[in-house]
Amino acid sequence: MRMSDIIDKKKYDTELSFEEIQYVIHGYVNGTIPDYQVSAWLMTVYFNGMSEEEAFYLTKAMIESGDQLDLSAISKAKVDKHSTGGVGDKVSLIIAPIIACFDLAMAKMSGRGLGLTGGTIDKLESIPNINVEQPVDTFIDTVKSVGFALIGQTGNLVPADKKLYALRDVTGTVDSIPLIASSIVSKKIAAGNDIILLDVKFGQGAFMKDAESAKELAASMIGIGGRFNKKFAALITDMNQPLGSMVGNAFEVYESIEILKGRGDSHLRQICVDTVAYLLRLSEQFAELDEAIEQINKVIDDGSAYNKFAEYVQAFGGNLDVFEDENWVFSCTSKLEIKALCDGYIHQIDAETIGRAAMIAGAGREKKEDSIDHHAGIQFIKQYGDEVQEGDVVGYLYTNKSIASELIADLQQAVHIKPSAPADHKHIYSYME
Ligand code: URA
């Protein structure tokens, strides 16, 4: 087989066989096929797409490039929720302990953030003394005893994805549905869970800019996942606004604790409750969403879900007490006001601008090597639908850096205000199985 023939074949939109796709992936991982040929091949895929068969073959070859996690020691059904990445997305932190209150287990590996969207591991590492880089045995034991565990990537899972993603990132080939679908599904399958709910986001803060392309991506992932005999489903969700009222690492843990303690942003609570309800129905714990919602609200309100979170944090050495102290949470040297530019109602808080500003303030990484300031971030005290007068403070930017006044001007522009009240905001746009 020759790589140049495979590039040519795909260039003329001819379907590739498993052996051909496996040849590309194995050759790239072991270094026998150079970057420039794989870049050309990625571009042919970008323009010509892939059939469902080819996307499945690509996923299979990617999985075979590394190890697969064996979670069979966990007897309960193992569920995962995967978000395609959002601004202020702390949903995993909130739903994992809720799920652990039911007859399910959540063994979740998460990543670090890059660019506009934060990573669950960075958020967790704002908890003093926590160690989320755990060996597989400890991970599995914690899931068995607590009901869930979130850890950083471990083992050599899907090395092909790490190498391919880095190449896609610099060759303009990230936003291709078959490449995204095979990248995500390969990691989900290799991580060993049985039931996976995908949260496919669309909007300004997301890879997919509209609901229709998010649906197309979701359908592709559900189709590929099904071929591995795993249960995949997807929520299509709106990422035009940040999730909840806080963006930043310690801030998002703080906001998650508020929800788990039955306080905080009711809209964020609703998103988390609905997400778990879909997962509980998908995993056949409840036949109807309403029944699931009732039980989920119960485990939040009686403190069981928070206790699970505290148990998990303690198992990995973390100290949650500091989150009771607002002076510790909001400890940055600068607190800059974000003001309403006119009278009216908030119609949108542009997630992309908020994500970028939080990153510049220190909450995220522009490059992989950048370090993170766990206490930097943005807090909104006004939300979608709230009425404001010109000059009202709608939020604050917290930072330990010196920030250019243009950044505050951008943040103020990102709060879209119109004269009349907007319609109710719908976060979950649709559900697909
Ligand atoms: N997230 C992934 O894991 N892979 C992609 O290709 C895009 C988003």
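Quick notes on this structure:
- Any hit, segment 365-380, residues being part of a loop (DSSP other than H, G, I, E, B), under 30 Å from Ser420 (Cα atoms) and modelled with pLDDT of 95 or more: no
- In segment 172-181, the qualifying residues are those that are more than 17 Å from Gln22 (Cα to Cα) and crowded, with 17+ Cβ neighbours inside 10 Å, and the one that is nearest to the ligand (Cβ to nearest atom) is Ile180.
- One residue from Ile196, Ile184 being in a strand (DSSP E or B), touching a residue at least 60 places away in the same chain (Cβ under 8 Å) and buried (at least 20 other Cβ atoms within 10 Å of the Cβ): Ile196
- Within segment 144-167, the set of residues being out of contact with any Phe, Trp or Tyr (no Cβ under 6 Å at 6 or more places or on another chain) and closer than 28 Å to Gly248 by Cβ comprises Gly147, Phe148, Leu150, Gly152, Gln153, Thr154, Asp161, Lys162, Tyr165, Ala166.
- When every residue of segment 282-304 is checked against the conditions, at least one turns out to be touching a strand residue (DSSP E or B) at 6+ places or on another chain (Cβ under 9 Å) and among the aliphatic types (A, V, I, L, M).
- Within segment 200-227, the set of residues being without any contact (Cβ under 8 Å) to a residue 40 or more places away in the chain and either in contact with a helix residue (DSSP H, G or I) (Cβ under 8 Å, 6 or more places away or on another chain) or away from the ligand (no atom under 16 Å from the Cβ) (or both) comprises Asp210, Glu212, Ser213, Glu216, Gly226.
- Some residue of segment 20-43 being buried (at least 17 other Cβ atoms within 10 Å of the Cβ), charged (D, E, K, R), under 33 Å from the mean Cα position of the chain (by Cα) and within 19 Å of Ile177 (Cβ to Cβ): no
- Residues that are among the basic types (Lys, Arg) and under 24 Å from the mean Cα position of the chain (by Cα), drawn from segment 297-330: Lys308
- Taken as a whole, the structure places Gln270 among residues that are assigned to a helix (DSSP H, G or I) and within 24 Å of Ala233 (Cβ to Cβ).
- Just so you know, in segment 282-305 the residues that are in contact with a helix residue (DSSP H, G or I) (Cβ under 6 Å, 6 or more places away or on another chain) and surrounded by 21 or more Cβ atoms within 10 Å (Cβ to Cβ) include one that is nearest to Met359 (Cα to Cα), and it is Ala305.
- Test: residue in segment 236-248 that is over 26 Å from Asp373 (Cβ atoms), within 17 Å of the chain's Cα centre (by Cα) and more than 16 Å from the ligand (Cβ to nearest atom): yes
- Where Asn48 falls short, out of the listed (1) farther than 30 Å from Leu260 by Cα; (2) touching a Lys or Arg at 6+ places or on another chain (Cβ under 7 Å); (3) within 16 Å of the ligand (Cβ to nearest atom): (3)
- Within segment 333-357, restricting attention to residues that are out of contact with any Asp or Glu (no Cβ under 8 Å at 6 or more places or on another chain) and surrounded by fewer than 21 Cβ atoms within 10 Å (Cβ to Cβ), the residue that is modelled with the lowest pLDDT is Glu352.
The values are calculated or read from the model by the stated rules, or taken from the named source; none is laboratory data. Nothing here was measured: the structure is a model prediction, and the numbers come from that model. Cβ sites come from the backbone with ideal geometry, for glycine too, and all protein chains shown count toward neighbours.
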